[in-house]
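The values are calculated or read from the model by the stated rules, or taken from the named source; none is laboratory data. Keep in mind that what you see is a predicted model, and the values were worked out from it rather than measured. Glycine also receives a Cβ, built like all others from the backbone with ideal geometry; neighbour counts cover every protein chain displayed.
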């Protein structure tokens, strides 16, 4: 799929979203114009993970993706195992580098699938306004691996400085930070919750997104 780099979202269709000088203060934003949207970002943070909220214009066209899980991409692992959903193209043989968790690897797999889904709708990662994340416990763990998920998320979202627009290196596992897989300043509103089960045996991650079509974008 294409890999479009997005550096800043100071405006969306000409609408200021309140990016600060030096990421120090944020002004309240009013209702967006009918075909525009506004991300309301936390004050005083240069690299927030998510938006406080997103205001959608009354005439804005949006796209609702179904919940997506990781694809079965590691045929060397047993069917129905969590390891089956590690992408062997990213991690040859399904072998994970030091510190990379199975949830993190599945998260990368899911986020890649989300990009393909959005592309078919004429959209991209930077158009995502809302994200809902469901995590299940890895085998033998008492809780879901939120840290692993968040590392995967930062590879595709919320990985630029608000004050400079430049990408911020991110870590994969315990490796030294490097440039993200997709440079993207978009910070959607988001929740992430732990659930007992997901619909496919072996899934640890399922993600649903809503994306907005800015003015002039989308299939004709």
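Numbers for the structure displayed
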| read-out | value |
| --- | --- |
| Qualifying residue in segment 165-181 (condition: in contact (Cβ under 8 Å) with a residue 40 or more places away in the chain and not in a loop (DSSP other than H, G, I, E, B)) | yes |
| Test for residue 152: is it without any contact (Cβ under 8 Å) to a residue 60 or more places away in the chain, closer than 25 Å to residue 77 by Cα and crowded, with 23+ Cβ neighbours inside 10 Å | yes |
| Subset of segment 118-145 (residues that are buried (at least 20 other Cβ atoms within 10 Å of the Cβ) and either part of a loop (DSSP other than H, G, I, E, B) or modelled with pLDDT under 95 (or both)) | 123, 124, 136, 144, 145 |
| Hits in segment 168-208 (condition: within 12 Å of the chain's Cα centre (by Cα) and surrounded by fewer than 16 Cβ atoms within 10 Å (Cβ to Cβ)) | 191, 208 |
